[in-house]
Structure formats: structure tokens, C-alpha cells
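Before any comments, here is the structure.
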Amino acid sequence: MSLFFAMFGFSLVMSITPGPVNMVIVSSGVSHGFGRTMPFVSGATIGFTLLLAAIGFGFYQLLEIYPQFLKYLALIGSAYVIYIGSKIAGASGSIDIAERARPRFHEGFLLQWLNPKAWVACVSGVALFSRPESHASLIAFVSIYFLVCYASLALWALAGDRVRLLLGTEIRVRIFNVIMGSLLIACAAYLVYLQFFGS
């Protein structure tokens with residue numbers, strides 16, 4: 001039972017703390033509302049869960065052989081996060097923004113696979129909760145993480161939807177978009193810094 005709580009706690013902390021995906025979700029919640037943000041949430045959750053399973057069932061050994069892979073991923077992923085951040089920062093302040101401008105399922109999925117924070121969470125989780133003699137522990141961890149991740153990301157979407165009511169005017173939503181996009185770009189730059197210059 002204590003292993004279950006450890007898995008739950010790890011999943012919750014890694015899912016609910018701010019990161020690139022959470023920032024996109026809250027920004028989308030503000031611009032598009034809860035319901036229209038849920039496809040992105042679903043894509044991000046499924047993308048992360050499949051990444052976790054892939055690392056647990058094989059990529060982990062590959063990362064031990066090629067540790068430089070995470071540095072290259074940090075560059076590619078950060079470039080994608082900066083692109084998403086610039087789209088958010090340049091978004092209209094209109095609540096009735098065009099349907100095509102909202103984040104999609106495939107973008108949520110792809111963002112997780114290019115998100116250095118997601119890779120670090122997966123590698124750390126696999127190192128902590130997988131057992132070489134049995135896959136049962138890893139399967140339980142992936143299942144718990146899926147549920148916790150989905151609920152956590154949905155909460156971020158709900159938070160964005162509620163913030164939308166507080167912002168009220170187009171100019172306030174525009175300012176919010178600029179702040180969120182800038183934070184996302186700064187987050188991407190920080191992730192690159194950690195990969196190349198962190199201890």
C-alpha cells in the first residue's frame with residue numbers, strides 16, 4: 001500500500017506542478033474554455049502515458065547507452081515550446097477566437113514527447129518504480145500516472161476557464177496571453193540552460 005501512495009504522490013507532484021504543458025492548458029482554458037481545451041488535455045495525457053510506457057519497456061536502456069540524447073531532445077523540445085509560446089503570446093484577446101487556433105489533440109501528444117520535463121519525469125519514475133524481475137510494478141505505475149495526469153491537467157484547464165471569467169475584457173485576455181506565452185518561452189530557455197549548464 002505504501003508503494004501505491006508513493007506512486008500516487010510522485011505522479012501528482014510531477015503532473016500538477018507548472019511546466020510547458022500546464023501553461024498551454026491554462027492559456028487555452030482562458031481563450032477557449034474548458035470543453036474546447038479537453039482534446040489537448042487528452043492528447044497530452046495519452047502522449048505522456050505512452051512515453052512513460054515506452055521508456056519503461058525499452059527506451060530506458062537506450063538512454064543509458066546514449067545519455068547525450070536528452071541534451072538533443074532539450075534543444076528540439078525547447079524550440080517547439082518556444083514556437084507554442086510565441087503562438088500564445090501573439091493570440092488575439094477575443095474570447096470567441098477562431099476554432100482552428102485552439103490547441104489540438106495531436107499538439108498535446110507531440111508536446112509531451114518533445115517536453116524535456118516529461119522525459120525527466122518518465123526516466124525518474126521508471127528508475128524508482130520499475131522492477132527488472134516483473135513488469136507488474138511498472139504497469140501499476142503507468143496506470144496510476146494516467147489517472148493522476150488526466151485529472152491534474154483537467155484541473156489546469158478548469159482553472160483557465162475560471163480565470164477567463166475574472167479577466168472579462170479582451171485587453172485583459174490579450175495581456176494574459178502575452179504573459180503566459182512569455183513564461184512558456186522563458187521556461188523553454190531555462191530547460192535548455194539546465195541541460196547544458198546545470199550541475
ALA186 vs (1) more than 28 Å from ILE76 (Cα to Cα); (2) free of Cβ contacts under 8 Å to residues at least 12 places away in the same chain; (3) among the aliphatic types (A, V, I, L, M): all pass except (1)
Take the conditions at pLDDT 75 or above, closer than 20 Å to PHE109 by Cβ, buried (at least 22 other Cβ atoms within 10 Å of the Cβ) and out of contact with any strand residue (DSSP E or B) (no Cβ under 8 Å at 6 or more places or on another chain) and apply them to ILE76. Does it pass? no
Of all helices (runs of 4 or more DSSP H) fully inside the stretch 88-199, the set with 1 or more residues that are among the aromatic types (Phe, Trp, Tyr) and at pLDDT below 85 is 116-129, 170-197
Matching residues in the stretch 148-172 (of a type in the set (A, V, I, L, M, F, W, C), over 19 Å from PRO20 (Cα atoms) and touching a residue at least 12 places away in the same chain (Cβ under 8 Å)) number 2
ask   = Hey, any hits in the stretch 149-158 for a residue that's surrounded by 16 or more Cβ atoms within 10 Å (Cβ to Cβ) and farther than 14 Å from MET38 by Cα?
value = no
Among residues of the stretch 16-39 being surrounded by fewer than 24 Cβ atoms within 10 Å (Cβ to Cβ) and among the polar types (S, T, N, Q), the residue nearest to LEU155 (Cα to Cα) is ASN22
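Name the single residue, out of those in the stretch 1-41 being touching an Asp or Glu at 6+ places or on another chain (Cβ under 6 Å) and small (Gly, Ala, Ser), that is farthest from ALA136 (Cα to Cα). Steps first, please.
Of the residues in the stretch 1-41, the ones touching an Asp or Glu at 6+ places or on another chain (Cβ under 6 Å) are 29, 33-34.
With the extra rule that they be small (Gly, Ala, Ser), the set shrinks to 29, 33.
On the way: GLY29: 36, GLY33: 38 Å.
Looking at residues that are touching an Asp or Glu at 6+ places or on another chain (Cβ under 6 Å) and small (Gly, Ala, Ser), I get GLY33.
So for the stretch 165-176 (the condition being within 19 Å of the chain's Cα centre (by Cα) and crowded, with 20+ Cβ neighbours inside 10 Å), does at least one residue qualify?
no
The values are calculated or read from the model by the stated rules, or taken from the named source; none is laboratory data. Note that the coordinates shown come from a computational prediction; the quantities given were computed from them, not determined experimentally. Cβ: placed from backbone, ideal geometry, glycine included. Neighbour counts: every protein chain shown.
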